[in-house]
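Student: Sharing a structure with you now.
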Amino acid sequence: MGIEIELDVLLAKKKKRSKELAEEIGITEQNLSILKTGKAKALRFSTLEAICKALDCQPGDILKYK
C-alpha cells in the first residue's frame, strides 16, 4: 500500500519513450527509471512539474494512492 507511480502507463498512452522524456525534463534515464519503478524515496515538485508539462497531464495522472 501507499503511493504508486504510474508513469509507464502514461508514457504508453502518450506514445513517448523514457529516453525522450528524460532528455526533455533534464534528468538522467537512470533517475527516471528509479522513479518509474517506484524505488524513489522522494520526488521534487520541480521534477513533477516538468513531467506534467512534458506529458500534458496532472500530478494525479502519475501518482496514485492505494
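Student: Which one is surrounded by the fewest Cβ atoms within 10 Å (Cβ to Cβ) among residues in segment 43-66 that are of a type in the set (D, E, K, R) and under 23 Å from Gly2 (Cα atoms)?
Tutor: Taking the candidates together, the pick is Lys66.
Student: Which ones in segment 1-29 are open to solvent by 80 Å² or more (accessible area, probe 1.4 Å) and aliphatic (A, V, I, L, M)?
Tutor: Once the filter is applied, which keeps residues that are open to solvent by 80 Å² or more (accessible area, probe 1.4 Å) and aliphatic (A, V, I, L, M), segment 1-29 yields Met1, Ile3.
Student: While we're on this one: Quick one: in segment 30-42, of everything that is under 21 Å from Ala12 (Cα atoms) and of a type in the set (A, V, I, L, M, F, W, C), which residue is most open to solvent (accessible area, probe 1.4 Å)?
Tutor: Here the answer is Ile34.
Student: When both residues are 6+ apart or on different chains and their Cβ atoms are under 8 Å apart, which pairs have a first residue that lies in segment 50-66 and is under 19 Å from Thr37 (Cβ atoms), and a second that is among the acidic types (Asp, Glu) and part of a loop (DSSP other than H, G, I, E, B)?
Tutor: From residues that are under 19 Å from Thr37 (Cβ atoms), the pairs are Asp61/Glu6; Ile62/Glu6; Leu63/Glu6; Lys64/Glu6.
The values are calculated or read from the model by the stated rules, or taken from the named source; none is laboratory data. Nothing here was measured: the structure is a model prediction, and the numbers come from that model. Neighbour counts are summed over all protein chains in view; Cβ atoms, including those assigned to glycine, are modelled from backbone coordinates with ideal geometry. Quick note on the areas: whole protein, heavy atoms, side chains included, nothing else; ligands and nucleic acids left out. Shrake-Rupley method; radii C 1.70, N 1.55, O 1.52, S 1.80 Å.
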